[in-house]
1. What list of whole percents do you get for P(r) of region A:3-114, with Cα-Cα distances grouped in 10 Å bins up to the one holding the largest distance?
2. Please calculate the 1.4 Å probe accessible area of residue B:17, with all protein chains present, and give it to the nearest 10 Å².
3. Taking the solvent-accessible surface of protein heavy atoms with a 1.4 Å probe, what is the per residue accessible area of region A:3-114 in Å²?
4. Remind me, relative contact order of region B:1-64 in percent, using alpha carbon pairs under 8 angstrom and six or more residues apart?
5. Report the Cα centroid-to-centroid distance between region A:33-56 and region A:67-96 in angstrom, as an integer.
6. If I ignore ligands, DNA and RNA and count only protein heavy atoms, how much of residue A:81 is accessible to a 1.4 Å probe, in Å² to the nearest 10?
7. So, with a 1.4 angstrom probe, what is the percent of accessible area on the protein assembly as shown that is carbon and sulfur?
8. How much accessible area is lost when chains A and B come together, counting both sides, with a 1.4 Å probe, in Å² rounded to the nearest 100?
Amino acid sequence: AQTVTQSQPEMSVQEAETVTLSCTYDTSESDYYLFWYKQPPSRQMILVIRQEAYKQQNATENRFSVNFQKAAKSFSLKISDSQLGDAAMYFCAYRSAHNTDKLIFGTGTRLQVFP
Amino acid sequence: DVKVTQSSRYLVKRTGEKVFLECVQDMDHENMFWYRQDPGLGLRLIYFSYDVKMKEKGDIPEGYSVSREKKERFSLILESASTNQTSMYLCASSLGSGNTIYFGEGSWLTVV
């Protein structure tokens with residue numbers, strides 16, 4: 001069975017600085033997707049970024065980028081130029097490419113952003 | 001924009017009550033999901049459905065059932081609510097395999 005581990009329950013960053021959230025996963029599959037979701041206090045879960053395992057290039061979405069290390073089964077999220085609106089719970093998630101769209105989530109990292 | 005609507009945001013129910021949590025999506029998505037979110041445990045899949053009247057158990061189905069009579073609506077049912085089912089419940093949907101999964105705002109359920 002696949003598992004996702006987020007070892008940082010809480011992180012904090014100063015506004016305009018950079019922060020990296022860690023995620024590791026375990027799977028025997030070679031074809032899968034990885035995601036970072038953001039959950040602000042309003043509770044609406046929002047997709048931040050997505051990475052296909054077959055792609056070597058790291059995904060980037062504006063200030064958000066990932067460091068995908070397939071051999072190490074590591075998938076960290078880097079937030080550059082942090083903003084107050086980035087404060088939220090961040091969840092790393094895994095989805096197999098070979099069955100239905102079930103997402104397997106990590107336990108989440110709460111990010112605080114200080115002015 | 002895709003909309004996944006959970007009609008009840010906050011509920012308080014008594015132990016032993018039958019509870020219905022409703023979820024509606026407006027984009028003709030095939031797949032729908034119910035997750036439970038607890039601090040320190042992340043999100044855990046309760047049930048999912050890939051078509052009308054089709055359902056599959058997720059990781060924690062005990063104490064829950066689901067109903068999908070229409071494509072746009074996926075209901076989570078607690079036949080006899082217990083205090084350990086106090087939690088936040090999230091509904092989600094997707095068009096199909098490989099597509100983005102969209103979430104509702106969540107339903108806070110307290111069982112007393």
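The values are calculated or read from the model by the stated rules, or taken from the named source; none is laboratory data. Predicted model, so just to flag it, every value in this text is computed and none were measured. Just so you know, the surface numbers come from the protein's heavy atoms only, side chains and all, with ligands and any DNA or RNA stripped out. Shrake-Rupley method; radii C 1.70, N 1.55, O 1.52, S 1.80 Å.
1. Spelled out bin by bin, region A:3-114 gives 15, 50, 29, 6, 0 percent.
2. 70 Å²
3. On the way: 5250 Å² over 112 residues.
Here the residues of region A:3-114 average 47 Å² of exposed surface.
4. Reported as a whole number, the value is 22 percent.
5. 8 Å
6. 80 Å²
7. It is 47 percent, rounded to a whole number.
8. On the way: alone 6460 and 6260 Å², together 10930 Å².
The summed interface area works out to 1800 Å².
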